[in-house]
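Derivation of every value follows stated rules applied to the coordinates shown; laboratory data play no part. Note that the coordinates shown come from a computational prediction; the quantities given were computed from them, not determined experimentally. Virtual Cβ from ideal backbone geometry, glycine too; neighbours counted across all protein chains shown.
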Amino acid sequence: MESYRIGLIPGPVSVPEEIRKAWLNDYASSDLEDEFFTLYRDNQALTQKLLHTKNDIVITSGEAMSILWAALKCTLKAGEKVLAVSSGLFGEGFADMARAFGAEAEICAFPYDGIPEAEKVREHAKRYRPKVITAVHCETPSGTLTPCLEEIGRIAREVGAIFVVDFVSSVGGAELDVDACGIDIGLLGSQKVLSLTPCLSVSSISSRAWEVIADVNYSGYESYLGWKKIPAEHYMPYTHDWQAMKALNISLNMIMREGMEAAFKRHDMAARLCRDMGREMGLKLYPKSENICSPTVTAFYVPEKFTWPEFDGALRAKGLAIGGNYGSLAGKVFRIGHMGSQADCDLVREGMNVIREVLQ
Ligand SMILES: *Cc1c(COP(=O)(O)O)cnc(C)c1O
């Protein structure tokens, strides 16, 4: 097993001991026990609070990619149109995924080091008339946070589209009001801010979205349909992961105990410290402006005197694990993940000190 003294990978993050304890329980079958459904209901309520929503919450097995697929497959039939608002790899990925099962997709593209502009999205949406509009709150590979979700949500209403938002790596570390933004399907993963293993996914689903989901009637493994009546009905599409459900409960209660505002502040402070220390040691921030940086992850250019494998190797040799990148950002941009259990100024300081040593 590989574990590092200082873990600052942008997911999966380090799982705190208090959460790990959930896996020591030896539960009976989740299908058969009322106790499991009570736990499921409790997690739904806690998630609604976290997301500021009255929408239904569906909690499924599998990490976040499973619900990115679910959101698309459950709302689009072959030939139907999705507009993917993109300022990064995940934004763009929605279009590739939709095309893979025969839907039509256009990308409303913005530079990876920037954020979407609502007016351009409005023009594109009015011209293209998509059935679904997708957006990403935190573009983890770019280290940016999209502030205009409320406006894009309004645009979705104007053109009668379902609004799907990937907030996998932001919620819990950054403020997001699902209902104020008009998010019909919201997507949250377990291995980022929630600090679980990549075991569960959480979706918020509006009544407008349920209507479309019923009409599309997709019936594959990732389908939301079988979850609509859980926990009122005790008959799930597959056996659920009770340990993971317990771990989620511990995590959500930890956030509530800390207070959501305090958790956002902790993320903001860790992010600021990371950017400030990076600037001091001559690292160049990848996002165009500090105002669009995510509080959960910071992206810097790989310093010129190193290749990424050399830099990464030197850091790992000193016990620091950080994130590289993908696609066009591979080898050029690296990332420090300060989300969930890793949103900790002492840990970030320790990690940035290692980077300083290696740069010298
Ligand atoms: C992590 C993440 C996902 C899920 O992808 P995996 O890397 O496969 O876990 C989806 N969207 C965003 C924005 C993410 O950060």
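A few points about this structure:
- One decimal place: the segment Glu18-Asp215 gains 66.7 nm when fully extended, by the rule 0.36 nm per residue minus the C-alpha distance.
- Each Lys and Arg adds +1 at its Cβ and each Asp and Glu adds -1 at its Cβ; summed about the Cα centre, the stretch 174-283 shows a dipole of about 340 debye.
- For the stretch 36-71, the residues whose backbone nitrogen is under 18 Å from a point 7 Å from the Cα of Tyr235, taken along Cα to Cβ, are 37.
- Within straight-line cross-link reach of Lys120, lysines at Cα separation under 25 Å, skipping those fewer than 8 residues along the same chain: Lys81, Lys131, Lys288
- The stretch 116-219 - percent relative contact order, Cα under 8 Å, separation 6 or more: 22 percent
- Our helix-only sum for the chain, with -39,500 (n - 2.57) per DSSP H run of n ≥ 4 divided by its residues, gives a mean residue ellipticity at 222 nm of -12000 deg cm²/dmol.
- Computed E for Tyr301/Asp177 - FRET, C-beta separation, R0 41 angstrom, nearest 0.05: 0.80
- Modelled spin-label separation between Asp96 and Lys77, with each label point placed 7 Å from Cα along the Cα-to-Cβ direction: 2.8 nm.
- For the peptides 115-128, 133-146, 202-215, 19-32, the ranking by packing is 133-146, 202-215, 115-128, 19-32, with the highest mean count of neighbouring Cβ atoms within 10 Å listed first.
- Cross-link reach list, aspartates and glutamates versus Lys49, counting only Cα pairs under 19 Å and skipping chain neighbours closer than eight places: Glu150, Asp166, Glu175, Asp177, Asp179, Asp184, Glu258, Glu261
- One decimal place: the segment Met65-Ala118 gains 16.5 nm when fully extended, by the rule 0.36 nm per residue minus the C-alpha distance.
- Once the chain from Thr38 to Ser3 is taken as fully extended at 0.36 nm per residue, the excess over their C-alpha distance is 9.1 nm.
- The GluC sites (Glu not before Pro) of the stretch 25-67 meeting both criteria, a DSSP state outside H, G, I, E and B (loop) and at most 15 other C-beta atoms within 10 angstrom of the site's C-beta, are Glu33.
- The distance linking the stretch 259-322 with the stretch 42-86 is 29 Å (Cα centroid to Cα centroid, whole angstrom).
- Each Lys and Arg Cβ is given +1 and each Asp and Glu Cβ -1; about its Cα centre, the chain then shows a dipole of about 640 debye.
- Rounded if a/c under 1.5, otherwise prolate or oblate - the chain, Cα gyration tensor axes: oblate
- Taking other C-beta atoms within 10 Å as the exposure proxy, Asp276, Asp344 rank Asp276, Asp344 from fewest upward.
- Residue among Gly172, Ile292, Leu225 farthest towards the positive dipole end of the chain, charges placed on Cβ: Ile292
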